[in-house]
Amino acid sequence: MKTIFYDKTEKGREEISSRKFGLSAKLRPLLVMVDGKHTPDELLKSIIPLGMNAEHVQALLDQNFITELIIELPDPEPEVQAHDHDATIQGEHGVEINPKRIGEVRSYLSETIKNNLGLRGFALQLKVERANTLADFLEIKESFVEAIFNTKGLQMARSFESRINQVLYGL
């Protein structure tokens, strides 16, 4: 599946570091937000509250400050339907995992990442969508807790880690 992302051009990176090209104060915050990790729709959703729209993005494209990257992403794997919804499987680390809980874990992590990291959590959001095993979720948990530690401190990181463990292990 082909997906379009916006990224800064060399000219855009130079403008950020040196203001060489005199980009308007209105467009500069938008240029800063472009990082190669957000689709056009995601970027538009984040700039509307700033009073910007697609015309502003187009202005950056027209002036060669940003470019479209077309990336081939793997098609999402079809959901596996378990016939016995109460069945458990032996997961890594000797923990029993109930397959119907994967959706609950995925939903909780997605919402938590979005609410606490915003656009900075985009890469983790992609990992959450592809996660299917306990090992996948544990890797995401570690990355998320580290990001929370870096942005909100040790106490918040420990709190989130505890809550994610509860969700993961059904405690």
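The numbers here are math on the coordinates, done by the rules we state, and not lab data. The shown structure was predicted, so the numbers you read here are calculated from the model rather than taken from an experiment. Because the Cβ atoms are built from the backbone with ideal geometry, glycine has one as well, and the counts that use them run over all protein chains shown.
Structure values in brief
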quantity	calculated
Inter-label distance, nm, simple model (7 Å from Cα along the C-beta direction), Asn165/Arg19	4.9 nm
Given Lys20/Lys141; Lys26/Lys127; Lys37/Lys141; Lys11/Lys141; Lys26/Lys141; Lys2/Lys152, the pairs whose alpha carbons are separated by over 31 Å	Lys20/Lys141; Lys26/Lys127; Lys11/Lys141; Lys26/Lys141; Lys2/Lys152
Per-residue ³J(HN,Hα) for the stretch 108-114, Karplus 6.51 cos²θ - 1.76 cosθ + 1.60, θ = phi - 60°, Hz, x for Gly and Pro	4, 5, 4, 5, 5, 5, 4
Two-site label geometry, Ser143 and Ser107: point separation in nm, points 7 Å out along Cα→Cβ	2.3 nm
Mean Cα-pair separation over length for the stretch 2-72, i.e. relative contact order, pairs under 8 Å, 6 or more apart, %	57 percent
Theoretical FRET efficiency, 1/(1+(r/R0)^6), r = Cβ-Cβ of Asp62 and Thr3, R0 22 Å, to 0.05	0.50
Cα-based Rg and Dmax for the stretch 2-72, where Dmax is the largest Cα-Cα distance (Å)	11.4, 34
In order through the stretch 129-135: 3J(HN,Hα) via Karplus (6.51 cos²θ - 1.76 cosθ + 1.60), integer Hz, x for Gly, Pro	4, 8, 5, 9, 10, 4, 4
Gain upon complete extension [Thr151, Ser46; 0.36 nm per residue less C-alpha separation]	35.8 nm
